[in-house]
Amino acid sequence: MIKNIAEGSYGEEMVEDGFHVLKVQHSGSEPELLQREVSKRYIQFHFCLKGAARFGFNQGNYWLDIAEENSLLLYNTKLDLPLYVEIAPGTYMVSIIMTLRKFHTLFSNEANYIPFLTEENREKKYYAQEAITPSVAVVLSQIINYNLHASVKKLYVKGKVYELISLYFNRTADADAEQCPFLVDEDHVKRIKRAKEIVIAQMAEPPSLADLAKEVGLPLKRLKEGFKQVYGDSVYSFLFDYKMEQARRLLETGQYNVNEIGLRIGYSTASHFIAAFKKKYGTTPKKYVKAMAGGA
């Protein structure tokens, strides 16, 4: 039996009027159900950082799955889309819900940059599922896990939510799925996803791009262009962000020192790891751990 989501697993904050952020951290052993009214005046962004969820529609007659490290965008100007979501155990999910009016003001000068804001699409229903990029994953983790004084918490969350939306729509000019031969070819996508899995599995000693292309059976140019289309970044930029995110998570466990973490993710010296971490997060690993612990 699926229970309604426990109070400790769910939190909601109002960023601004008509602009809400929902956080789910389901640590239980059984699926839970999240229900919330959402009218047709709102657009929804759902980011599943860990675990999985199922979105039910039309009294549960239709279901849409969202897997780990994937996002789901929903809006329908004709029908209310209330949340009816089955949350799997171990799921971490962040949802952004804002009025369409508020959303349009964010991109009022860039309407043609966002595919569903073009004149012919403004009144249509729309949904999109995409993989979460490493940069988006970092911001999601920061929204879920932070230790800040109550006086600045709301400002911090507001800034991170705006950053999240910005990164979500940070598309290159050639990243239109309809124009991209890699995204409409399922075999290419599978090979590119395999390339991602390989560099993650071998992050301490990643293969060269030429070797990677050979291993997944793609020409080098197609691998480079296709990887950027699917994941929004080059192979090594993606890997750098992934390694830094892994380092950040390892630091938060308190189980490893800086040298150990650096070696785990492929840095032969602590100084190189510290420099890379500071480049990504603007602070050293030691200072990051101190800040997480509530230190000055």
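How do SER71, SER268 rank when sorted from fewest to most other Cβ atoms within 10 Å of their own Cβ? Could the numbers behind the result be given before it?
Values: SER71 22, SER268 10.
Going from least to most buried by this count: SER268, SER71.
May I ask you to sort GLU225, GLU197 by Cβ crowding, counting other Cβ atoms within 10 Å and putting the fewest first?
Going from sparsest to densest Cβ surroundings: GLU197, GLU225.
If each of ILE200 and SER237 carries a label point 7 Å out from its Cα toward its Cβ, how far apart are those two points in nm?
2.0
Going by how many other Cβ atoms sit within 10 Å of their own, how do LYS23, LYS228, LYS214 line up, fewest first? Don't skip to the end; give the middle numbers.
Working: LYS23 17, LYS228 20, LYS214 14.
With the sparsest Cβ surroundings first, the list reads LYS214, LYS23, LYS228.
What is the extension gain from LEU148 to ALA131, computed as 0.36 nm multiplied by their sequence separation minus the C-alpha to C-alpha distance, in nm to one decimal?
3.2 nm
Throughout, read-outs are computed from the coordinates displayed, never taken from laboratory work. What you see is a predicted model, and the numbers here were worked out from it, not measured in a lab. Every residue, glycine among them, receives a Cβ derived from its backbone with ideal geometry; neighbour counts consider all protein chains shown.
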